[in-house]
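Structure first, then comments.
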Amino acid sequence: MKTSPTVPSSARTTHVPPGTAIHATLPGAHFSNAYEVADQHPARSALQSWLDVACRTPLWTRALMGVRNKAVRLVGLKDLGQLHDGNPPASGRVLRDARSYQVGDRVGIFRIRHLSDMEVVMGQDDKHLDVQVSICKQPPAAAGAAPTVVLSTVVHIHNTLGHAYMAVVTPFHRVIARGTAQRLAGHDQS
């Protein structure tokens, strides 16, 4: 698929898309960011796009999640596991089809909070903060333009531990989120 010159194939910083389910969670948020890329698979649902990219989580990201999980247990926070749902495809295990999920189901480290073909919002709540992530399919902005997909994150912090946690993980989050958006565009960043 040829991309529009106004939508680079590499991830670019954008705003959380107005009118989306994730946008409705912005009031009172302490952190938010969004990355947009050309949608190489516009016929796939938002959740299918997430499942496809999460099962290709690079080893360095999985290692960081492992370190995170060990470290936070020391201060009484949840071990979240990994981004992917079940074992990655290299394990030979078949993953669930996106059509079998519904709101409330677990997908990797998240629970589905909103689900439509065009947007999936997944979240993880803890005593220190609430995190929500959205994959949102966007139609072409103009004639001849390419459809896009936006990966957004919104965080509400509850206490001092949450602020400290975000101060440590924000730089890593930005790298991981940008890399995830790159994989959504079909550019693996291993």
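The values are calculated or read from the model by the stated rules, or taken from the named source; none is laboratory data. This structure is a prediction, so every number in the text was calculated from the model and none was measured. Virtual Cβ from ideal backbone geometry, glycine too; neighbours counted across all protein chains shown.
Which of (1) surrounded by fewer than 18 Cβ atoms within 10 Å (Cβ to Cβ); (2) modelled with pLDDT of 60 or more; (3) under 23 Å from H156 (Cα atoms); (4) of a type in the set (G, A, S) does A34 not meet, given it meets every other one?
Condition not satisfied by A34: (1).
Could you list all residues from region 109-160 that are more than 15 Å from A43 (Cα to Cα), small (G, A, S) and within 16 Å of the chain's Cα centre (by Cα)?
Of everything in region 109-160, those that are more than 15 Å from A43 (Cα to Cα), small (G, A, S) and within 16 Å of the chain's Cα centre (by Cα) turn out to be G123, S134, S152.
In the list R62, R111, which residue meets the criterion of being modelled with pLDDT of 60 or more and of a type in the set (K, R)?
Within the list R62, R111, the selection yields R111.
So for region 144-163 (the condition being in contact with a Pro (Cβ under 9 Å, 6 or more places away or on another chain), of a type outside the set (V, I, T), at pLDDT 95 or above and under 17 Å from I22 (Cα atoms)), does at least one residue qualify?
Within region 144-163 (the criterion being in contact with a Pro (Cβ under 9 Å, 6 or more places away or on another chain), of a type outside the set (V, I, T), at pLDDT 95 or above and under 17 Å from I22 (Cα atoms)), the answer is yes, since at least one residue qualifies.
Tell me, yes or no, whether region 136-153 has at least one residue that is over 25 Å from C55 (Cα atoms), touching a His at 6+ places or on another chain (Cβ under 8 Å) and surrounded by 14 or more Cβ atoms within 10 Å (Cβ to Cβ).
No: zero hits.
Which residue is farthest from G28 (Cα to Cα), if the candidates are limited to region 143-161 and must be of a type in the set (G, A, S) and touching a residue at least 40 places away in the same chain (Cβ under 8 Å)?
For region 143-161, the residue satisfying everything is G144.
Please work out which residue is surrounded by the fewest Cβ atoms within 10 Å (Cβ to Cβ), limiting yourself to region 169-190 and to residues that are among the β-branched types (V, I, T) and more than 19 Å from D125 (Cβ to Cβ).
My answer is V175.
Among the listed residues S116, S91, identify the single one that is modelled with pLDDT of 85 or more and of a type in the set (S, T, N, Q).
Numbers: S91 fails: modelled with pLDDT of 85 or more.
When all the criteria are applied, what remains is S116.
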